[in-house]
Amino acid sequence: MTKRTIVTMPGDGIGRVVLPEALRVLSAVGFEADYVHGDIGWEFWINEGNALPERTVKLLEQHKLGLFGAITSKPKDQASAELSPKLKDQGYVYTSPIVGLRQHFGLDLCIRPCRSFRGNPLNFIRRKGDGFEEPQVDAVIFRQNTEGLYSGVEWTDPPQQVRTALEIHPKMAPFKNVPGEDLAVSTRIFSRPACRRIVGEAFAYAKKFGYKSVTVCEKPNVIRETSGMMRAEAKVAAKDYPDVALWETNIDAQMMWLTKNPEDYGVIVSGNMFGDIVSDGFAGLVGGLGFACSANIGRDVAVFEPTHGSAPKYEKLSPSIVNPIAMILSARMMLDHLGETDKASRIRSAIGAVIAEGKVRTYDLQRLSGGPDAIKQGAVSTTQMTDAIIGKL
């Protein structure tokens, strides 16, 4: 088999800490690859005016596979304030580099598994009679990754031609006399091909892995056109999968129900914003961001990342205390994507064994406050957690 080349993009903060840990696990499980570094993140915004340098884009164009750590992202005014003085007032506008990657490479499928490990003290529990029970959560969220509210088509003080176009809609009447500088507009754009692709992939995944249902989680009773298109395409796709039930939930109701009966849900499919929300909701039931992994998959390129942020306050702690499991699970998703299913299964089993044994726990698994004292209070370091997982391999 030809040796693969993976573009590693640690990014900012703890991304630089956890990505090397994932590479250690990949090596330990017997996965052989060449790794090339890709620049991405806040320092490149400050010094180059671009958090996603073109050289990194070219690396991904060449090698097609990426492992991504985390980025620091700040509001527009803060980003502008931190830009290098030599670049100020030259028209540079900060945009999220991971969103840029998704849109440039058409990484339209975001897959976020939220599966609980037995013995995880952070798992969701609920009251039953005089006691408690812990349902097994196994939900996989398919999030449309390139459209919707994240498409970036928005304005503060929209140009006159945009206002003129919007004002042909009767619902714009209350805003007609609002001064431009007081008006901000963000568009929610869905296309039928993108809806068709993600619901089709969601049903195919459900059938392949034995899930009993696909739930469309949107808001068609209010956002009638965009959510309505996703719903309509799901109904069409469902006809090809008679053994997989099509369910529908509204995003607000779903956020309530996921803490009532999370074990009932299998594959969930949503647009960009609602998919982001519901995947974080389910991640909270299975241990939080320390366990939240994801894949960004296009037709030619795929990038795998944990969904936690850069947490820069933890980057310089020595030893590091952050939980590397979300990054390791993201690397495991890459192995599945590459057909290395045996190695992927071994990694998940090793993580499960460490969690079930309960002897090695990072600060989050012990519900400790993050900080330099976490180790003194019994938490293991990032490296020790990885060592334990490798030991179980």
Problem - Checklist (1) out of contact with any Leu (no Cβ under 6 Å at 6 or more places or on another chain); (2) touching a residue at least 40 places away in the same chain (Cβ under 8 Å); (3) over 21 Å from Gln136 (Cα atoms) applied to Lys239, failing item - result: (2)
Practice task
List the number of the failed condition for Pro158; all other conditions in (1) assigned by TED's automatic domain parsing to the domain that holds Gly266; (2) more than 30 Å from Arg361 (Cβ to Cβ) hold.
Solution key: (1)
Completion exercise
Filtering the range 264-273 down to residues that are free of Cβ contacts under 8 Å to residues at least 60 places away in the same chain and either farther than 22 Å from Ala206 by Cα or buried (at least 18 other Cβ atoms within 10 Å of the Cβ) (or both) yields none
Problem - Verdict on Val216 being under 30 Å from Thr164 (Cβ atoms) and assigned to a strand (DSSP E or B) - result: no
Practice task
Would you point out the residue of the range 211-238, among those that are under 23 Å from the mean Cα position of the chain (by Cα) and polar (S, T, N, Q), that is surrounded by the fewest Cβ atoms within 10 Å (Cβ to Cβ)?
Solution key: Ser213
Exercise for the section: Within the range 248-263, track down each residue that is surrounded by fewer than 19 Cβ atoms within 10 Å (Cβ to Cβ) and within 9 Å of Thr215 (Cβ to Cβ). Expected result: Glu248
Practice task
For the range 65-81, state whether one or more residues are buried (at least 22 other Cβ atoms within 10 Å of the Cβ), under 19 Å from Ile389 (Cβ atoms), assigned by TED's automatic domain parsing to the domain that holds Thr382 and of a type outside the set (A, V, I, L, M, F, W, C).
Solution key: yes
Problem - Count of residues meeting criterion [hydrophobic (A, V, I, L, M, F, W, C), within 19 Å of the chain's Cα centre (by Cα) and at pLDDT 95 or above] in the range 251-281 - result: 9
Completion exercise
Those residues of the range 242-261 that are assigned to a loop (DSSP other than H, G, I, E, B) and closer than 14 Å to Gly275 by Cα come to a total of 1
Practice task
Would you check if there is a residue in the range 44-62 being of a type outside the set (Ser, Thr, Tyr), over 30 Å from Phe282 (Cβ atoms), modelled with pLDDT under 95 and assigned by TED's automatic domain parsing to the domain that holds Leu393?
Solution key: no
Exercise for the section: Would you confirm whether any residue within the range 8-27 is more than 23 Å from Pro312 (Cβ to Cβ), touching a helix residue (DSSP H, G or I) at 6+ places or on another chain (Cβ under 6 Å) and modelled with pLDDT of 95 or more? Expected result: yes
Exercise for the section: Identify all residues within the range 291-311 that are outside any strand (DSSP E or B) and buried (at least 24 other Cβ atoms within 10 Å of the Cβ); write none if there are none. Expected result: Phe291, Ala292
Practice task
Find all pairs meeting these conditions: Cβ atoms under 7 angstrom apart; at least six residues apart or on different chains; first residue within the range 354-382 and in contact (Cβ under 8 Å) with a residue 60 or more places away in the chain; second residue charged (D, E, K, R).
Solution key: Ala356/Arg118; Thr382/Glu21
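The values are calculated or read from the model by the stated rules, or taken from the named source; none is laboratory data. Here the structure is a predicted model, which is why all the values come from computation and not from measurement. All Cβ positions, even for glycine, are placed from backbone atoms using ideal geometry, and neighbour counts span all protein chains on display.
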